[in-house]
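The structure appears below as structure tokens.
The values are calculated or read from the model by the stated rules, or taken from the named source; none is laboratory data. Source: prediction; values computed, not measured. Every residue, glycine among them, receives a Cβ derived from its backbone with ideal geometry; neighbour counts consider all protein chains shown. The accessibility values were calculated without ligands, DNA or RNA, using every heavy atom of the protein model including side chains. Shrake-Rupley method; radii C 1.70, N 1.55, O 1.52, S 1.80 Å.
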Amino acid sequence: MGDVAVVTGAAGALGAEVSRTLARRGHKLALLDAEVSHERLVELAASLGGACFVAGDLTNETTWREAVPRIERELGAAPTLAALVAGGWRGGRSLHEETNDDVWRAMLSSNLETVHRGLRALLPSMVSAKRGSVVVVGSRAVEQPWSSARSSAYAATKSAVVVLAQTVAAEVRESGVRINAILPSTLDTPANRAAMPNADAGRWVSLSSASAVIAFLLSDDARDISGAAVPVYGRA
């Protein structure tokens, strides 16, 4: 049987596809997402043959403190793989047009704090075991911030996610733990198709393609790659 793999944001379009991809590769899955996603987590877990799932606030230390030992109990081992996919997008206004901090705080929470908490919770056992691999999800905005004009909070927090991942990758490299990031452009999701009905979705990044890149970076085939930020742009 494969390693235990944690997927955050598992109820979302990309998280669910990553979960299915890792399950096909023989890994045991722990699916994590917000409480509002409970029903979708139940359905996804059932479709994967009974994966462990946790519905809760992924920015909350208590959620993680309770989740990690539960995952180990239910799946028989501590996680050695993690795809920290949880995140979100809010925008539509220039910074000078914002009248409160709602968007800024939402992006800090959903994009940066979910990754920060996930790394804090999962890395100790990986470092102790001297093996592990983590992938976080950044954005093309990290390398092309001008492409996220009118969504500066999103661009800033995704950039912070990648810098956090690369810095921590250097901290744990000698312990046999790797951390990498992907930088997708527009993902071909139902939500993006609904939001941009006139766009050419054929130029976007398919969920299967993005998931395959994540699965590769998590795998032993990428054992010499750590601290990378891999562009996954498609033709967008």
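With every protein chain kept in place and ligands, DNA and RNA left out, what is the accessible area per residue of the range 59-199? Probe 1.4 Å, answer in Å². Each step should come with its number before you reach the end.
Values: 7020 Å² over 141 residues.
For the range 59-199, the solvent-accessible area averages 50 Å² per residue.
Please state the charge dipole magnitude for the chain, taken about the Cα centre, from unit charges on C-beta atoms (+1 on K and R, -1 on D and E), reported in debye and rounded to the nearest 20.
420
Per the Kirkwood formula on distinct C-alpha pairs, the Rh of the range 117-236 is how many angstrom? Spell out each step's value before the answer.
On the way: mean 1/r = 0.0658 Å⁻¹.
Taking every pair of different Cα atoms in the range 117-236, averaging 1/r and inverting gives 15.2 Å.
Please give the peptides 61-68, 96-103, 136-143 ranked by average Cβ packing (other Cβ atoms within 10 Å per residue), highest first, as a rough proxy for protection. Working shown, then result.
Details: 61-68: 15.8, 96-103: 9.9, 136-143: 23.9.
The most tightly packed comes first, giving 136-143, 61-68, 96-103.
Which helices count as membrane-span-like in the chain under these terms: full DSSP H, at least 20 Å along the axis by C-alpha, Kyte-Doolittle mean of -1.0 or more? Before the final figure, lay out the partial values.
Details: long enough: 61-75 (21 Å, -1.14); 114-129 (23 Å, 0.55); 152-172 (30 Å, 1.06).
TM-like helix candidates: 114-129, 152-172.
Hey, got the dipole for the range 93-226? About the Cα centre, +1 on K and R Cβ, -1 on D and E Cβ, debye to the nearest 20?
Values: 14 positive and 13 negative charges, 42 e Å.
Using Cβ point charges on Lys, Arg, Asp and Glu, the range 93-226 gives about 200 debye.
What three numbers, in Å, describe the spread of the alpha carbons of the range 82-146 along their principal axes, ordered from the longest?
In descending order, the Cα extents are 49, 24, 13 Å.
Between the range 108-177 and the range 75-96, what is the C-alpha centre distance in whole Å?
The range 108-177 and the range 75-96 have Cα centres separated by 9 Å.
Once every DSSP H run of n ≥ 4 in the chain is given -39500 (n - 2.57) and the sum is divided by its residues, what mean residue ellipticity at 222 nm do you get, rounded to the nearest 500 deg cm²/dmol? Write out the running numbers ahead of the final one.
On the way: 8 runs with 98 residues, N = 236.
Per the formula, -13000 deg cm²/dmol.
For mean projected area of the Cα convex hull in nm², the choices are (1) 12.5; (2) 13.8; (3) 15.1; which was calculated from the structure?
The value computed from this structure is option (1).
If packing is taken as the average count of other Cβ atoms within 10 Å, what order do 158-164, 222-228 fall into, highest mean first?
Descending mean neighbour count gives 158-164, 222-228.
For the charge dipole of the range 18-106, defined by +1 on Lys and Arg C-beta atoms and -1 on Asp and Glu C-beta atoms about the Cα centroid, which residue among A106, A45, T63 has the Cα displaced farthest towards the positive pole?
A45
Counting only protein heavy atoms and using a 1.4 Å probe, what share of the accessible area of the chain belongs to carbon plus sulfur, as a whole percent? Don't jump to the answer; show the numbers that get you there.
Details: 5700 of 11230 Å².
Looking at the chain in its full context, I get 51 percent from C and S.
Does the range 43-178 classify as rounded, prolate or oblate by the C-alpha gyration tensor (a ≥ b ≥ c root eigenvalues; a/c under 1.5 gives rounded; else a/b over b/c gives prolate, otherwise oblate)?
Details: a/c = 2.38, a/b = 1.62, b/c = 1.47.
Prolate, because a/c is 1.5 or more and a/b exceeds b/c.
Can you pull the one-decimal nm distance between simple spin-label points at E171 and E66, each 7 Å off the Cα toward Cβ?
Each label point is offset 7 Å from its Cα along the Cβ direction, giving 2.6 nm.
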